[in-house]
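Reviewing the structure listed below.
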Amino acid sequence: MSEPVVAGKTPIEATLEAGEYWWCSCGRSRNQPYCDGSHAGTDFTPFRFTLEAKETVWLCTCKHSANPPFCDGAHELLD
């Protein structure tokens, strides 16, 4: 499997309503951190996540988090 594109080296803070979201795992989306279908033709698929209530979250943009879609600080280890 190929490596994702690093879309950013800082997380995006988002206050999201309860519901279903699709996080971009490939790094190619122009609507970061959400999927816009740019993964077509790659080995990547979007990551579905659901929030049960309104919540403020930090979404990963480096695409190397061990806890997607949430930032775990992995961007600190990238060159």
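Values quoted throughout were computed directly from the atomic coordinates according to the rules given, and no laboratory measurement underlies them. Note that the coordinates shown come from a computational prediction; the quantities given were computed from them, not determined experimentally. Note that we place each Cβ from the backbone using ideal geometry, even for glycine, and neighbour counts take in every protein chain shown.
Going by what's in this entry, would Thr56 be described as part of a loop (DSSP other than H, G, I, E, B), in contact (Cβ under 8 Å) with a residue 40 or more places away in the chain and either exposed (fewer than 13 other Cβ atoms within 10 Å of the Cβ) or among the β-branched types (Val, Ile, Thr) (or both)? No; evaluated as a whole, the condition is false for this residue. If the condition is being out of contact with any His (no Cβ under 8 Å at 6 or more places or on another chain), within 14 Å of Trp22 (Cα to Cα) and assigned to a loop (DSSP other than H, G, I, E, B), then the stretch 59-79 contributes Lys63, Pro68, Pro69. Are any residues in the stretch 7-22 closer than 15 Å to Thr56 by Cα and of a type in the set (Phe, Trp, Tyr), and if so, which ones? Across the stretch 7-22, the qualifying residue is only Tyr21. Pairing each residue of the stretch 59-79 that is without any contact (Cβ under 8 Å) to a residue 40 or more places away in the chain and surrounded by fewer than 17 Cβ atoms within 10 Å (Cβ to Cβ) with any residue that is in a loop (DSSP other than H, G, I, E, B) and among the aliphatic types (A, V, I, L, M), provided the two are 6+ apart or on different chains, yields C-beta distances under 6 Å for Asp72/Ala66.
Between Thr45, Thr15, which is among the hydroxyl-bearing types (Ser, Thr, Tyr), over 21 Å from Leu78 (Cα atoms) and over 13 Å from the mean Cα position of the chain (by Cα)? Going through Thr45, Thr15 in turn, just one is among the hydroxyl-bearing types (Ser, Thr, Tyr), over 21 Å from Leu78 (Cα atoms) and over 13 Å from the mean Cα position of the chain (by Cα): Thr15.
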